[in-house]
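Take this structure, written in structure tokens, and hold onto it; I'll ask about it next.
The values are calculated or read from the model by the stated rules, or taken from the named source; none is laboratory data. Since the structure is predicted, the reported quantities are computational estimates derived from the model, not experimental observations. So basically every Cβ, Gly included, is an ideal-geometry build from the backbone, and we count neighbours across all protein chains shown.
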Amino acid sequence: MYIDTSKRRLQLYFVSHKLPTLELKALLERISVYPSMGRGNLKLIILLGLFGDLDSFEFIQIIKINMSKLQSMDLNLIVIGIGDEKSRNEFCKYTGFPVEFVKYDKDASLHQKIGCSSGLNMKINPLANLILMCAGVKSPGTLKEVIRGYIGDKQSDQIYQSKDQIKLGILPKFKGSLFENAGGTGFLRPFEMATLRLENMIEVLCKWNVYMSSSNFLTQRGGTFLFDRDDKLLYRYLPVGLLTYSENMKNPIGFLDSYIVKS
């Protein structure tokens, strides 16, 4: 296993992506308390906004599906969300994501230090700011991604398997096989992503006080960081809009293939 360190590509990368030293230091200091994040390890760090953010749910649900891929790359993963122990545990219970990989911060201090976007921050109710971002205000890419959730995408993976049981609030349960009627299998079918987002929204609304107790951070965006074994930054992505947690939403962890290859 090795990092693809083409000098030409890394030079081009660092010209446009290098973080100031102090920002890198803040992130590395935060993760240094965890043995798996020390020197000598490949490290993937995912910063979430609030645990109840729809991006948080969706990104981690995708990561969960691809855990075997991360393990095959010998990647050590840590996820840090804004919340407390209760919201972290509820988040892991709902998503089925292993709690040992998920940590929490009670505020956005780390996010601010490393340059994550705070989202729309007009002097109005934080929930109103969030609603405006959902409508695309100061949230580039959001409406495009919402539309993709309804029309599907043949370049993206399907979400539900045929036997999956889907429950949307008070509506009767239905099986994932229903999406096969919209075109088949092996790709993101129409309404499939929209259905997942609705499931996640129902979870948040039913447990709002658990997930969204820190209302000052409703619009806080996160970031994705990849470090090599010598703590050198290989990749970072800092989203600005809602539902844009990856640089390539068609393949949210596809960036790993550009930096880590199998020996």
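Residues in segment 44-62: is at least one surrounded by fewer than 20 Cβ atoms within 10 Å (Cβ to Cβ), of a type outside the set (A, V, I, L, M, F, W, C), touching a residue at least 60 places away in the same chain (Cβ under 8 Å) and outside any strand (DSSP E or B)?
Taking every residue of segment 44-62 in turn, at least one turns out to be surrounded by fewer than 20 Cβ atoms within 10 Å (Cβ to Cβ), of a type outside the set (A, V, I, L, M, F, W, C), touching a residue at least 60 places away in the same chain (Cβ under 8 Å) and outside any strand (DSSP E or B).
Here are some conditions: (1) at pLDDT below 95; (2) of a type in the set (A, V, I, L, M, F, W, C); (3) within 23 Å of GLU199 (Cβ to Cβ). LEU75 meets all but one. Which one does it not meet?
Failing condition for LEU75: (3).
Here's a follow-up. When only residues in segment 103-127 that are aliphatic (A, V, I, L, M) and at pLDDT 95 or above count, which is farthest from GLY49 (Cα to Cα)?
First, the residues of segment 103-127 that are aliphatic (A, V, I, L, M): 108, 110, 114, 120, 122, 124, 127.
Now narrow it down to the ones that are at pLDDT 95 or above: 108, 110, 120.
Working: ALA108: 8, LEU110: 11, LEU120: 13 Å.
Filtering segment 103-127 for residues that are aliphatic (A, V, I, L, M) and at pLDDT 95 or above, the one farthest from GLY49 (Cα to Cα) comes out as LEU120.
I'm trying to understand the selection: among the residues of segment 1-60, which are farther than 13 Å from ASP231 by Cα, touching a strand residue (DSSP E or B) at 6+ places or on another chain (Cβ under 8 Å), at pLDDT 90 or above and not charged (D, E, K, R)?
Hits for segment 1-60 are TYR34, ILE46, LEU47, LEU48, GLY49, LEU50, PHE51, SER56, PHE59, ILE60.
Here is a follow-up. Against the condition among the aliphatic types (A, V, I, L, M), without any contact (Cβ under 8 Å) to a residue 60 or more places away in the chain and surrounded by 17 or more Cβ atoms within 10 Å (Cβ to Cβ), how does LEU188 come out, does it pass?
Details: among the aliphatic types (A, V, I, L, M): yes; without any contact (Cβ under 8 Å) to a residue 60 or more places away in the chain: yes; surrounded by 17 or more Cβ atoms within 10 Å (Cβ to Cβ): yes.
Spelling it out, LEU188 is indeed among the aliphatic types (A, V, I, L, M), without any contact (Cβ under 8 Å) to a residue 60 or more places away in the chain and surrounded by 17 or more Cβ atoms within 10 Å (Cβ to Cβ).
Within segment 85-110, how many residues turn out to be surrounded by 15 or more Cβ atoms within 10 Å (Cβ to Cβ) and farther than 21 Å from ILE63 by Cα? Spell out the reasoning first.
Looking only at segment 85-110, we keep the residues that are surrounded by 15 or more Cβ atoms within 10 Å (Cβ to Cβ), and these are 86-92, 94-95, 97, 101-105, 108, 110.
Imposing the further condition that a residue be farther than 21 Å from ILE63 by Cα reduces the set to 86, 108, 110.
Total meeting the criteria: 3.
Do you know which of the residues in segment 167-197 that are of a type in the set (Gly, Ala, Ser) and either more than 21 Å from the chain's Cα centre (by Cα) or in a loop (DSSP other than H, G, I, E, B) (or both) is nearest to TYR94 (Cα to Cα)? Full working, then the answer.
Within segment 167-197, the subset of a type in the set (Gly, Ala, Ser) is 169, 176-177, 182-184, 186, 194.
Retained after the next criterion (residues that are either more than 21 Å from the chain's Cα centre (by Cα) or in a loop (DSSP other than H, G, I, E, B) (or both)): 169, 176-177, 182-184, 186.
Working: GLY169: 15, GLY176: 18, SER177: 22, ALA182: 27, GLY183: 29, GLY184: 28, GLY186: 25 Å.
Filtering first and then ranking leaves GLY169.
Filter segment 111-122 down to the residues that are surrounded by fewer than 19 Cβ atoms within 10 Å (Cβ to Cβ) and in contact with a helix residue (DSSP H, G or I) (Cβ under 9 Å, 6 or more places away or on another chain) and list them by number.
Matches in segment 111-122: LYS113, GLY115, SER118, ASN121, MET122.
Just give me the residues in segment 226-263 being farther than 17 Å from ASP74 by Cα and part of a strand (DSSP E or B), in sequence order. Before the answer, list the steps.
First pass over segment 226-263, keeping only residues farther than 17 Å from ASP74 by Cα: 236-252.
ARG236, TYR237 - these are the residues of segment 226-263 that are farther than 17 Å from ASP74 by Cα and part of a strand (DSSP E or B).
Let me ask you something else. Would you check which residues across segment 198-221 are of a type in the set (D, E, K, R) and over 19 Å from the mean Cα position of the chain (by Cα) and list them? Give the derivation first.
At the first step, the residues of segment 198-221 found to be of a type in the set (D, E, K, R) are 199, 203, 207, 221.
Within segment 198-221, just LYS207 meets the criteria.
Quick grid of which residues meet (1) among the hydrophobic types (A, V, I, L, M, F, W, C); (2) touching a strand residue (DSSP E or B) at 6+ places or on another chain (Cβ under 6 Å):
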| position | (1), (2) |
| --- | --- |
| LEU127 | yes, no |
| ASP153 | no, yes |
| ILE166 | yes, yes |
| PHE174 | yes, yes |
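Here is a list of conditions, (1) under 25 Å from GLN161 (Cα atoms); (2) of a type outside the set (Val, Ile, Thr); (3) out of contact with any Ser or Thr (no Cβ under 6 Å at 6 or more places or on another chain); (4) at pLDDT 95 or above, and LEU70 meets all of them except one; can you say which number that is?
(4)
Which residue pairs have Cβ atoms closer than 6 Å, lie 6 or more positions apart in sequence or on different chains, and pair a first residue in segment 137-166 that is in a strand (DSSP E or B) with a second residue that is at pLDDT 95 or above?
Once the first residue is in a strand (DSSP E or B) and sits in segment 137-166, its partners that are at pLDDT 95 or above give ASP153/LEU188.
Another question about this same structure. What single numbered condition from (1) over 28 Å from PRO239 (Cα atoms); (2) touching a Cys at 6+ places or on another chain (Cβ under 9 Å); (3) not acidic (Asp, Glu) fails to hold for VAL102?
Going through the list (1) over 28 Å from PRO239 (Cα atoms); (2) touching a Cys at 6+ places or on another chain (Cβ under 9 Å); (3) not acidic (Asp, Glu), VAL102 breaks only (1).
Is there a residue being surrounded by 20 or more Cβ atoms within 10 Å (Cβ to Cβ) and not in a helix (DSSP H, G or I) anywhere in segment 205-214?
The answer is yes; a qualifying residue exists.
Report whether or not LYS103 is among the basic types (Lys, Arg) and assigned to a loop (DSSP other than H, G, I, E, B). Give the steps one after another, and end with the answer.
Working: among the basic types (Lys, Arg): yes; assigned to a loop (DSSP other than H, G, I, E, B): no.
Against the criterion (among the basic types (Lys, Arg) and assigned to a loop (DSSP other than H, G, I, E, B)), LYS103 does not qualify.
May I pose another question? If GLY119 satisfies all but one of (1) in contact (Cβ under 8 Å) with a residue 12 or more places away in the chain; (2) more than 19 Å from the chain's Cα centre (by Cα); (3) not in a helix (DSSP H, G or I), what's the number of the condition it fails?
Every condition holds for GLY119 apart from (2).
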